[in-house]
Amino acid sequence: MKKFLALAFLCLSACSHLVVDSTERLQIKNLSDKAITRFSVVGKSDTLLWVPDTVLPGELSFVREADFVGTFHAVFYAADSTGKFHLVDAGKIHFDGGSELLKFSEKDDVWDLEFE
């Protein structure tokens, strides 16, 4: 009986890894007419660079994986009309785990980030 319970526990715990994804695979799609770069999440003590790629208008970033599941504060840099990059506060974003495409769009200097 003990062997059966141990085997059942191991099988169920192995199966739970297939259901619960503790990592996030993120790809950025830039729908704006400005280049964006250095998408980062801000923690209590530091800021972690997640997507270092510079994503040009109409382009996709590489897929980046990190152990970020939950709600985080996010920032990134966007180019202005002179080509200089400035910090943009994206506010709070919730990551569910798994693979997600995050679309960046901008109108009148107001940025909108939306998952597809």
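Computed quantities for the displayed model
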read-out	value
Residues within segment 57-79 that are surrounded by 14 or more Cβ atoms within 10 Å (Cβ to Cβ), β-branched (V, I, T) and part of a strand (DSSP E or B), tallied	1
Which numbered condition D67 fails, given (1) of a type in the set (D, E, K, R); (2) under 19 Å from L87 (Cβ atoms); (3) at pLDDT below 95	(2)
Filter result for F104 (surrounded by 16 or more Cβ atoms within 10 Å (Cβ to Cβ) and not aliphatic (A, V, I, L, M))	yes
K84 of a type in the set (K, R) and either modelled with pLDDT under 90 or touching a helix residue (DSSP H, G or I) at 6+ places or on another chain (Cβ under 8 Å) (or both)	no
Qualifying residue in segment 80-89 (condition: within 14 Å of the chain's Cα centre (by Cα), part of a strand (DSSP E or B) and among the charged types (D, E, K, R))	no
Candidates R38, R25, filtered to the one that is closer than 16 Å to E116 by Cβ and assigned to a strand (DSSP E or B)	R25
Test: residue in segment 44-56 that is assigned to a strand (DSSP E or B), of a type in the set (A, V, I, L, M), surrounded by fewer than 16 Cβ atoms within 10 Å (Cβ to Cβ) and in contact with a Ser or Thr (Cβ under 8 Å, 6 or more places away or on another chain)	yes
R38 more than 11 Å from the chain's Cα centre (by Cα) and of a type in the set (K, R)	yes
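The values are calculated or read from the model by the stated rules, or taken from the named source; none is laboratory data. None of the values given here were measured: they were computed from a predicted structure. Using ideal geometry, Cβ is built from the backbone for each residue, glycine included, and neighbour counts are taken over all protein chains shown.
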